[in-house]
Structure formats: structure tokens, C-alpha cells
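No lab work stands behind these numbers, since they all come straight from the coordinates. Quantities reported herein were computed from a predicted structural model and do not represent experimental measurements. Cβ: placed from backbone, ideal geometry, glycine included. Neighbour counts: every protein chain shown.
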């Protein structure tokens with residue numbers, strides 16, 4: 001959606017998609033707006049509660065069945081397992097996605113890893129296509145004036161133009177570009193606390209081949225899961241930047257993470273958007 005600043009201010013029922021790497025401030029900003037009559041749609045929350053709920057539970061139950069005590073309780077229906085996701089706690093989604101590598105270190109085999117990656121991709125596409133429906137629900141059911149789509153960091157990896165066109169038709173897309181300092185901070189975070197990630201299949205194949213050859217590994221089971229995430233994250237980060245920039249150039253606008261870091265009110269955010277729309281053609 002393309003707008004001038006004045007058109008944005010006159011837009012009585014605003015709808016925005018926040019795009020960018022995890023850690024640049026999307027969720028913090030969405031939570032701030034939530035306190036000012038904005039409906040907070042979390043893509044990852046929708047993925048976990050609607051599209052991956054059953055696979056996530058199946059994975060948890062599979063792990064629990066390996067514990068004899070829990071196995072007997074589950075088989076006799078004596079206990080019930082359910083997900084307890086929230087916008088602020090999406091760990092079940094992350095845990096299901098998992099890390100590639102040696103099972104003895106919590107890793108997942110390549111075939112299973114790719115299966116989960118595909119499920120996540122399909123779930124993210126479906127969740128983003130739900131945005132128009134939830135814009136309507138936010139207004140007619142819950143009474144919110146405005147809507148903010150807190151999109152996952154992997155949105156740029158989907159290679160699905162239909163998703164982008166749907167979001168551009170119904171929302172103003174804002175790409176939050178990481179500063180150099182943010183990049184350093186994200187690299188440090190990945191180094192100290194490597195988390196599961198989504199990879200495009202061709203990117204994964206390319207990087208996995210480089211990694212395996214450099215270490216003379218023959219099987220993915222030889223990979224230390226955390227080590228691989230630490231190694232691949234900088235490459236993933238840099239591969240995503242031109243993809244984000246293309247989406248912003250084609251469908252939306254760019255703001256810096258620095259410009260939103262000190263925003264403490266809805267009006268400050270609206271002023272930032274106004275200035276952005278007036279200066280970016």
C-alpha cells in the first residue's frame with residue numbers, strides 16, 4: 001500500500017505490517033501500539049496456535065513417550081498435554097522447528113528437519129493470508145480501531161508473491177532496517193544463545209554443503225546443532241537484507257531500528273510514519 005503522509009493520518013482504520021529480522025524491535029513496537037487501541041496480530045502466534053498446533057503437540061508427546069513414567073500416563077489418558085503459547089512466549093514453535101544435527105546434542109536428522117521447515121513455511125504463508133480476515137475481526141468483533149501485523153523474521157524467505165500482494169493490498173508495509181550496532185548485537189545473541197531458524201531450502205542446501213566440506217563431515221548427524229546455527233546465522237542475516245529491501249522497495253517503506261528505539265507513544269510512531277511517507281516516494 002502506497003500512501004502520502006496526509007492520507008495516512010486521514011486513514012481512520014489503520015493497518016500496518018512490521019517486517020524485519022527478529023530482534024530489531026517489531027514486537028516491542030506492536031506491544032506498545034496494543035496499549036493504544038491497536039489489534040496485535042502475531043504471525044508466529046497464529047502459526048503456533050492454528051497451523052502447527054497439532055505437529056507441535058505430536059512432537060512433545062513423542063518426547064514424553066520416551067519417559068516410562070509419562071508414557072504410561074499418556075497411554076491411559078491420565079494426563080493431558082497442551083500448548084501454552086502467548087505473544088510473549090512462542091517457545092513451542094521454536095522448539096518444533098528445532099536445529100539440524102547430532103541427536104545426542106538435541107539435533108534433528110536432515111529429512112525430519114526439512115519436513116518441519118516445509119511445515120513452517122506452509123504455516124507462515126497461511127498465517128499471513130489470514131491478515132485481511134483478522135483486520136475485519138479486529139474491528140467487528142473486538143472493537144479495535146487499528147491493526148498491526150507483527151510478521152515473523154522469515155517472511156522474506158517465503159518467495160510467495162501472493163502473500164506480499166495480500167499484505168500490500170490491506171496493510172502499510174514497514175521494513176525495520178537493522179543498524180550496524182543492531183547487527184553486532186544480533187550476531188552476539190546468536191553466538192551466545194543460538195536459536196532455531198527457518199531457512200529457504202536452496203539456501204540451506206548451499207550453506208550445508210559449504211559447512212560439511214569445510215569440516216570434512218559425511219553425515220548431517222556429525223553436526224553440532226548449536227555450532228551450525230552460530231556459523232550460519234551471519235550468512236542468513238546478510239542473505240535476508242536484499243530480500244527485505246526488495247519487499248520494501250516494491251511494496252512498502254523503510255524505517256531504521258534506531259528511529260523506533262526511543263519511541264514511547266503512539267503519536268511518536270505516527271509522526272515517524274508520516275515523515276517516512278513524505279520523504280520516500
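Could you please rank 31, 156, placing first whichever residue has the fewest other Cβ atoms within 10 Å of its Cβ?
Least to most surrounded, the residues fall as 31, 156.
Once you put a point 7 Å from the Cα of residue 133 and another 7 Å from the Cα of residue 36, both along the Cβ direction, what distance in nm separates them?
If labels sit at residue 133 and residue 36, their model points lie 3.0 nm apart.
Subtracting the Cα-Cα distance from 0.36 nm times the residue separation, let me have the gained length for residue 28 to residue 179 in nm, one decimal.
52.7 nm
For residue 238 paired with residue 213, estimate the spin-label separation in nm (one decimal), with each label point 7 Å from Cα along the Cα-to-Cβ line.
Inter-label distance under the simple model: 1.7 nm.
Want the number for residue 195 to residue 86: 0.36 nm per residue separation, take away the alpha-carbon distance, what's left?
So the chain would gain 37.4 nm between residue 195 and residue 86.
Among 142, 274, 105, which comes first, second and so on when ranked by fewest other beta-carbon atoms within 10 Å?
By the 10 Å Cβ count, ascending, the order reads 142, 105, 274.
Please give, to one decimal in nm, the separation of the simple spin-label points placed at residue 64 and residue 6, each 7 Å out from Cα toward the Cβ.
Simple spin-label model gives 6.0 nm for this pair.
What percent antiparallel are the DSSP beta bridges of the chain, to the nearest 5?
So the antiparallel bridges in the chain amount to around 5 percent.
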